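Below is one structure, written out as structure tokens; the observations come after it.
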Amino acid sequence: MKLIKRNIEALAAPKEARIVFDEELPGFGLRMAPSGKKTFVAQYRVGGGRAGRQRRVTIGAFGKITPEDARTEAKKILARAHLGDDFADQRDKVRNSRTVSELIDEWSKGGVLINRRTGAKRQQVNINNDIALANHHLKPLIGNRTLESLSKGDIQLLRNRIAGGDTKTTRKGRRRGKINVTGGEGTATRTIRLFSSILSYAVDMELIPRNPALGIKLPPGGQRHRYLSADELRRLGEVLERPASTTTAGAAAIILRLLILTGARRGEIEGLKWSEVDFNFGMLRKKTSKTGAKVIPLARVAVEILDEQRRWVDRSQPWVFPAYRGDGHFDGLNKEWHRIRKLAGIEDVRIHDLRHTWASWHRQAGTSCDELKDLGGWKSRSMVDRYAKFATEHLAATASRIESVSKENVIGLSRFSHGATQ
């Protein structure tokens with residue numbers, strides 16, 4: 001059939017990807033995907049004849065380019081191929097000569113914004129963290145390398161260098177003083193996982209044929225789980241109760257209290273909107289989160305904190321914690337957290353560790369893993385199993401109560417021992 005607008009629109013999405021070729025222009029085709037996406041291509045053989053190597057060039061997506069324009073472009077490509085000019089080979093050389101730094105810059109404008117697995121829009125705080133990780137650790141060590149030259153060995157060496165502290169430095173931040181860039185095993189693991197995701201984006205964009213980071217061996221235990229003890233939590237609470245010296249400090253203290261009380265992720269509270277707060281039912285109804293739409297139940301104290309907050313902020317703003325300069329929501333938690341945790345004597349505690357601590361309390365209180373999964377918005381049960389030990393410790397403490405009872409028992413358990421006789 002002839003590839004014209006009317007005919008193309010009538011084509012249903014196939015069960016498997018296939019190419020429909022034009023009946024008038026040999027080599028001009030329409031690649032159809034099960035998702036319904038339709039893309040114009042030009043296909044030819046290098047060297048002529050059936051023995052020649054088959055090559056295919058993507059022209060553009062139907063809807064973004066007209067069939068007429070695609071046909072014109074295909075004629076040019078096929079004519080050059082007839083004269084021995086391999087357009088696809090030239091395109092690949094240009095694409096593969098792109099450097100890692102150039103790829104990161106391109107990814108920072110598009111690929112980082114969307115979760116590759118779910119297609120959901122990512123939280124801004126996670127976007128900023130990933131871009132910073134790439135800029136601080138990937139660009140200095142491997143930024144000048146071309147995508148074409150990367151091998152699995154290069155990625156493994158990159159991991160070892162980051163783990164060894166080759167990217168550790170202190171630099172001046174544009175907005176908030178110094179930025180401390182650290183290395184170490186945890187940073188190396190996170191960076192390589194991020195780099196693998198960036199390279200998968202490059203594969204999706206047909207910039208490289210494969211991801212050289214796939215199969216890289218990363219040491220176990222890349223994730224660290226730190227929990228606050230009762231004494232540490234008491235010290236943190238005392239610091240948060242102190243009168244705030246600045247509006248930024250005040251907002252940070254309120255956000256931290258809510259993180260402790262709800263177990264929410266940092267971005268879910270920092271970027272909270274009033275339209276997402278349900279005071280009637282005592283819950284937060286997040287339309288977007290790391291795992292999609294999410295409901296966060298609120299304890300009575302958390303509701304009271306939010307109720308107090310709405311008495312003081314400008315309600316014309318959509319944000320519960322609006323930025324004090326410019327538009328958007330508050331994003332000064334990092335700087336304040338460094339100050340607060342130092343005063344509380346818990347300098348190794350990260351903001352996300354408050355979520356781990358919240359989960360550990362629930363397990364100690366008897367909350368099941370399935371209930372905790374729903375409360376915390378984890379996507380899989382395996383993410384919650386890490387907290388199972390807290391339930392075991394809680395049961396052990398409960399079982400030890402028999403000791404106090406046994407001391408009063410008239411039988412006198414202390415009289416019995418192995419091998420004792422009556």
Out-of-range pairs (alpha-carbon distance over 31 Å; input Lys168/Lys286; Lys121/Lys335; Lys15/Lys273): Lys168/Lys286; Lys15/Lys273
Where trypsin sites (Lys or Arg not before Pro) fall in DSSP loop in segment 285-336, at most 13 other Cβ within 10 Å: Lys287, Arg315, Arg325
Semi-axis lengths, Å, segment 100-204, gyration tensor of Cα atoms, sqrt of 5 times eigenvalues: 20, 19, 12
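What percent do you get for the relative contact order of segment 100-204 when only Cα pairs under 8 Å and 6+ apart count?
Values: 94 pairs, mean separation 29.1, N = 105.
It comes to 28 percent, rounded to a whole number.
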Spatially proximal aspartates and glutamates relative to Lys342 (Cα-Cα < 16 Å; intrachain offsets below 8 disregarded): Asp231, Glu232, Glu238, Glu241, Asp353
Centroid-to-centroid separation of segment 230-250 and segment 278-356 [C-alpha atoms, Å]: 15
Lys, Arg +1 and Asp, Glu -1 on Cβ, resulting dipole of segment 100-204 about Cα centre, debye, nearest 20: 600
Cβ crowding within 10 Å averaged over residues, with 245-252, 119-126 ranked highest first: 245-252, 119-126
Compactness of segment 97-155, expressed as Rg and Dmax over alpha-carbon positions, Å: 12.4, 33
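Computed from the coordinates by the stated procedures, all read-outs in this text should not be read as laboratory data. Fair warning: this is a prediction, and the values are worked out from it, not measured in the lab. Every residue, glycine as well, gets a Cβ built from its backbone with ideal geometry; the counts of neighbours run over all protein chains shown.
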